[in-house]
Every structure is written in C-alpha cells, then in structure tokens.
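The values are calculated or read from the model by the stated rules, or taken from the named source; none is laboratory data. It should be emphasised that the depicted structure is a prediction, and the values quoted were computed from it without experimental measurement. Because the Cβ atoms are built from the backbone with ideal geometry, glycine has one as well, and the counts that use them run over all protein chains shown. Ligands, DNA and RNA are stripped out before the accessible areas are found, and what is left, the full protein with its side chains, is counted by its heavy atoms. Shrake-Rupley method; radii C 1.70, N 1.55, O 1.52, S 1.80 Å.
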Amino acid sequence: MKLTIIGTGYVGLVSGTCFAEVGHQVICVDSDAAKVKLLQAGGIPIYEPGLEELVRKNVAAGRLSFTHSTAEGVEKSDVIFIAVPTPPQPDGSVDLSYIERVARDIAGAMTSYKIVVDKSTVPVKTGEKVAETIQRYCPAKVEFDVVSNPEFLREGFAVGDLMKPDRVVIGTRSPRPVAAMREIYTPFQAPIIVTDINSAELIKHAANSFLALKISYINAIATVCEAAGANVQEVAQGIGLDERIGRRFLNAGIGFGGSCFPKDLSAFIKIAEQIGYDFKLLKEVQHINADQMERFLKKITDTLWVLKDKTIGVLGLAFKQNTDDVRSSPAIALCQRLIQEGATLRVHDPKGMDKARALLPTATYVEDMNAVAEGCDALVVATEWEEFKQLDLARAKKGMTHPILFDGRNLFDPAEMVRLGWIYKSVGR
Ligand code: UGA
C-alpha cells in the first residue's frame with residue numbers, strides 16, 4: 001500500500017521504515033528541512049539499534065523516501081499517519097498544536113478519499129477533534145476517515161517491537177478504513193483488535209500508566225525490603241512467576257523516566273480530571289517515583305556526608321539502556337542534584353554523552369567506562385546498561401580514594417561486591 005508518515009521522530013521514522021520493510025511504499029514527511037536533508041543523505045538523527053541498516057536497505061529498494069512537503073505526502077498516498085510530537089505543558093496536559101497543524105495541512109492537500117491515522121500518543125477524544133478540523137479545513141470537501149492506531153514500541157528496541165508487535169489496535173467507528181488497516185498490518189502477524197476511536201486512544205494511556213504503576217509498585221516494595229532486610233529481586237522473582245503478574249517491569253531502581261511514562265501519566269491524570277475522575281492511584285505512582293530518586297540521593301549523602309569537593313563517577317546518562325535519549329532521564333536528574341550539592345562529576349554513557357553535554361556542561365565526559373572511577377570518592381550506576389556489568393572492578397577500585405559504589409540499577413551482586421572489598425549500596429537489597 002502507499003503510506004505517508006508525517007513526523008520522523010522515534011515513532012514516525014521507525015514505523016515508516018518497518019512498513020517499507022514489509023513491502024509498503026512509504027513517504028516520510030518532516031517539516032524540519034535539515035532533518036529531511038540528513039535522512040535523504042543516508043544519515044539517521046537518532047540512535048536506535050538496527051534502524052540505520054533498515055533505512056538504507058529500504059531507501060535502496062525504492063520503498064522509502066523523505067520529503068518536507070506534506071502536500072506531496074498526502075497526494076501520493078492512500079493512508080496518512082500522523083506521528084508528530086505531543087509535548088507536555090506546564091499543567092501536565094498535552095500540547096496538541098502540532099497535531100492540529102498537521103490535521104489542517106492534510107485537509108488542505110486532500111483531493112480524494114484518505115484515511116488519516118493518528119499514531120502520536122494523544123488524550124482520549126483527540127481523534128474526534130482531528131476529524132472536525134479536517135472537515136472544517138478541507139476545501140475539496142472530500143470524504144475521509146480518522147483512525148487511532150497507537151504505537152507501543154520501546155526506545156532501544158523499537159525495530160524489534162514494531163516488526164513483532166504484541167498487538168495492533170485499530171480504533172475507528174467506521175467500517176470503511178478497517179480493511180486497509182488490516183492490509184497494512186497483516187505482514188506483521190500480530191493479533192489485531194478493532195475498537196472505537198476513544199477506546200484506542202485510552203488503551204495507549206492505560207497501558208503506559210499500568211507499566212509505570214508496576215515500576216512504582218516494585219520500587220515501593222524495594223523500600224519495604226530495605227527496612228525488613230529482604231531482597232527485592234527475590235521478591236520480584238517470586239511474584240513475577242505468577243503469570244497473572246509477570247516478571248517484566250518489576251526491576252527496582254532510581255525510578256522511571258524518558259519521554260513517555262512521566263508525560264503520559266500527567267496527561268492521563270489531567271484528562272481524567274477534565275472528564276470528572278480524580279485518578280489518585282496514578283498520582284501516587286508519580287509520588288513514589290519522585291521519592292525513589294530522593295531516597296537514593298540520601299543513601300549517597302548518608303555515606304559520603306558532604307558532597308562539596310567530592311568527585312563522583314557516574315555510569316549512565318540515558319534514561320535507559322540501548323538509547324542515546326536523555327530526555328527526562330533519572331540519571332541526568334540525579335547528576336544535576338549531585339552537582340547542586342557541590343560534587344564534581346566524571347560521567348560516561350555508551351550512547352548518551354553527546355546529548356547529555358548541554359544538560360550537564362560542567363561534568364567531565366570519559367570515553368572509557370573503566371577510566372571513570374579514577375580519582376573518584378564514589379561511583380554511581382544510574383542507567384541499566386548491560387555492559388556496565390563488565391566493569392573492571394579491580395581497576396576501578398585501585399583508582400578510587402575509597403571503593404564505594406551506589407548501584408541505582410541493581411546490576412551487581414551485593415555479596416560478591418562485599419567480598420571484593422567494596423562498600424556497596426543498591427536498591428531494595
Ligand atoms: C515506554 C513503553 O514501554 C512502550 O510500550 C511505549 O510505546 C513507549 O513508552 C511510548 O509510549 O512511546 P520507553 O519509554 O521507550 O517505552 O521505555 P521503557 O523501556 O518502558 O522504560 C521506561 C523507564 O522505566 C526507563 O527509565 C526504565 O529505566 C524504567 N524501568 C523500566 C524501570 O525502572 N524498571 C523496569 O522494570 C522497567
């Protein structure tokens with residue numbers, strides 16, 4: 001099928017590329033001319049494992065192209081996906097101005113029936129507004145359908161998640177676009193659920209909030225474990241083997257971050273409030289997440305006492321492993337707090353250092369993770385990168401004034417660390 005994706009962020013670029021990979025003809029549109037130029041020249045604006053090769057392959061095969069013209073994208077395709085940002089506003093609600101702008105642009109360019117699919121994460125009832133806007137701003141007054149098709153990919157695993165989705169949600173009250181949507185998704189061999197548009201939009205917020213709730217739940221359990229002398233990983237294992245609960249997203253740490261969970265929680269709480277429900281449960285999920293960072297910081301200050309004039313090595317800046325994304329990263333927030341307390345930082349992240357520089361301009365960026373500890377009073381693990389487990393602990397210990405490690409992601413074994421002569425503090429163990 002001929003598809004156009006408007007917006008080449010994580011969701012737009014990866015979706016477009018994966019649609020091309022299964023044989024569709026895809027045009028990706030972005031209003032940022034520099035980004036389009038980069039993509040046309042074979043560059044990729046984000047780090048996402050496997051994406052670069054897939055983009056190159058599909059561009060070479062003539063199935064994937066880039067333009068900054070929405071009109072061209074609308075004219076040449078039957079189905080137009082909206083994948084533009086929906087950033088948070090200071091009151092927690094979502095800024096829908098990009099969605100509205102794109103809806104108007106699509107409407108202005110439509111001269112025949114089109115299916116307009118919203119893939120951006122939006123509050124429930126946005127689809128209704130998109131339909132109203134297209135109706136109002138379409139001079140040709142052609143027929144169209146608006147569909148909600150939320151995306152569930154995780155950064156760092158986006159290509160895999162898209163090629164093998166757990167489920168595909170198609171939200172529309174109209175039967176007409178369902179066949180086309182099924183055709184687009186059939187090659188992905190995933191269960192397809194057809195719902196009304198409001199339910200589809202709600203599924204996205206409900207899913208992300210539930211995952212965030214799971215993380216806050218295990219973080220709360222971690223606090224109880226610390227007080228009770230129990231081990232949160234063993235508890236997570238014990239409850240996670242119950243299929244009704246599941247082990248995934250039960251890793252205690254310094255809290256969740258990124259451009260999705262914090263924003264989507266606030267947005268869901270806000271939209272619930274607007275339609276008459278005070279979502280106290282989700283407010284508590286936010287509180288637990290904020291407390292988790294404070295508790296970890298307290299562990300550091302309780303041990304080191306004064307941070308002024310101390311040098312701390314920090315492993316991890318990205319909001320999670322396998323990404324260079326540092327937006328709303330708990331690791332960055334922690335670094336900022338340590339700097340506020342007067343500490344000097346030596347930092348390392350396998351992919352996130354370039355993007356972190358603007359947020360942490362005073363830190364020293366160390367290319368080799370094994371060199372971070374040199375001259376440090378303590379080491380902190382702030383992101384769950386697998387490769388940190390291979391840290392040369394003997395070398396790190398030798399280079400430090402005192403071998404103290406605060407492990408915010410529970411990557412090391414407490415008993416082994418003590419055996420190796422470390423003062424070792426982790427989360428919930
Ligand atoms: C999340 C969802 O997992 C995706 O399904 C969804 O599509 C996406 O948001 C989105 O709305 O676009 P993502 O933000 O990429 O994906 O990252 P996650 O892997 O969910 O991790 C989010 C945060 O939770 C990270 O800071 C991570 O370190 C933290 N986390 C995750 C934990 O602290 N413990 C866990 O057990 C799992």
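Values computed for the structure shown
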{"item": "Cross-link pairs LYS310/LYS355; LYS351/LYS389; LYS37/LYS76; LYS37/LYS114; LYS310/LYS398 - those with Cα-Cα distance over 22 Å", "result": "LYS310/LYS355; LYS37/LYS114"}
{"item": "Size of region 46-100 as Cα extents on the principal axes (Å, biggest first)", "result": "45, 32, 17"}
{"item": "Computed over region 1-156: relative contact order in percent, which uses C-alpha pairs under 8 Å that are six or more apart", "result": "24"}
{"item": "The chain, accessible area per residue, ligands and nucleic acids excluded (1.4 Å, Å²)", "result": "44"}
{"item": "Peptides ranked, highest mean first, by Cβ atoms within 10 Å: ranges 30-41, 75-86", "result": "75-86, 30-41"}
{"item": "Mean Cα-pair separation over length for the chain, i.e. relative contact order, pairs under 8 Å, 6 or more apart, %", "result": "12"}
{"item": "Förster radius 30 Å - calculated FRET efficiency between ILE192 and LYS129 (Cβ-Cβ, nearest 0.05)", "result": "0.75"}
{"item": "³J(HN,Hα) computed for each position of region 316-325 - Karplus, 6.51 cos²θ - 1.76 cosθ + 1.60, integer Hz, glycine/proline x", "result": "x, 10, 5, 6, 6, 6, 6, 9, 9, 7"}
{"item": "In nm, spacing of pseudo-spin labels at LYS37 and ALA415 (7 Å Cα→C-beta vector)", "result": "6.0"}
{"item": "From phi via Karplus (6.51, -1.76, 1.60), per-residue ³J(HN,Hα) for region 223-232 in Hz, x at Gly/Pro", "result": "5, 5, 4, 4, 5, 9, x, 10, 10, 5"}
{"item": "Dimensions (Å) - region 135-258, Cα atoms, principal axes, largest first", "result": "69, 32, 25"}
{"item": "Per-residue HN-Hα couplings for region 270-285 [Karplus 6.51, -1.76, 1.60; θ = phi - 60°; Hz; x = Gly/Pro]", "result": "5, 5, 4, 4, 4, 9, x, 10, 8, 7, 4, 4, 6, 5, 5, 4"}
{"item": "Other-chain or far-sequence residues with amide H under 5 Å of GLU48's (modelled H)", "result": "none"}
{"item": "Under 10 Å, Cβ to Cβ, from SER93 - net charge with Lys/Arg +1 and Asp/Glu -1", "result": "-2"}
{"item": "Nonlocal amide H pairs with VAL147, under 5 Å, H built at 1.01 Å", "result": "VAL116, VAL117, ASP118"}
{"item": "Pairwise centroid distance, computed over Cα atoms, of region 326-399 with region 84-98, Å", "result": "31"}
{"item": "Heavy-atom SASA rank of HIS68, HIS348 (probe 1.4 Å, accessible area, largest first)", "result": "HIS68, HIS348"}
{"item": "Highest to lowest packing among 123-133, 301-311, scored as the average C-beta count within 10 Å", "result": "123-133, 301-311"}
{"item": "Cα-based helix-to-principal-axis angle, 10-21 vs the chain, degrees rounded to 10", "result": "60"}
{"item": "Crossing angle, helix 330-340 versus the chain [Cα axis fit, 0-90 degrees, rounded to tens]", "result": "50"}
{"item": "Relative contact order (percent, whole number), region 201-429, Cα cutoff 8 Å, 6+ residue spacing", "result": "21"}
{"item": "Selection from VAL22, VAL55, TYR98, by position along the positive dipole direction of region 2-195 (Cβ)", "result": "VAL22"}
{"item": "Evaluated at q = 0.19 Å⁻¹: base-10 log I(q)/I(0), Debye formula over Cα of region 2-195", "result": "-1.45"}
{"item": "Given charges at beta-carbon only (K, R positive; D, E negative), |dipole| of region 73-219 in Debye", "result": "160"}
{"item": "Percent accessible area from carbon and sulfur atoms, region 95-196, protein chains only, probe 1.4 Å", "result": "52"}
{"item": "Computed Rg/Rh of the chain, alpha carbon atoms with Kirkwood Rh", "result": "1.01"}
{"item": "Accessible surface, 1.4 Å probe, highest first, among residues ARG419, ARG357, ARG176", "result": "ARG419, ARG176, ARG357"}
{"item": "Residue order for ARG395, ARG63, ARG327 - accessible surface, 1.4 angstrom probe, largest first", "result": "ARG327, ARG395, ARG63"}
{"item": "Two-site FRET efficiency, LYS283 against GLN237, from Cβ-Cβ distance with R₀ of 25 Å, rounded to 0.05", "result": "0.30"}
{"item": "Rg/Rh ratio calculated on Cα atoms of region 201-429 (Kirkwood radius)", "result": "0.98"}
{"item": "Packing-based order for 54-61, 211-218, using average beta carbon neighbours within 10 Å, highest first", "result": "211-218, 54-61"}
{"item": "Between region 110-149 and region 1-59, the Cα center-to-center distance that results, in Å", "result": "22"}
{"item": "Around ASN322: net Lys/Arg minus Asp/Glu count, Cβ-Cβ under 11 Å", "result": "-4"}
{"item": "Environment charge at VAL36 (Cβ cut-off 12 Å; Lys +1, Arg +1, Asp -1, Glu -1)", "result": "-1"}
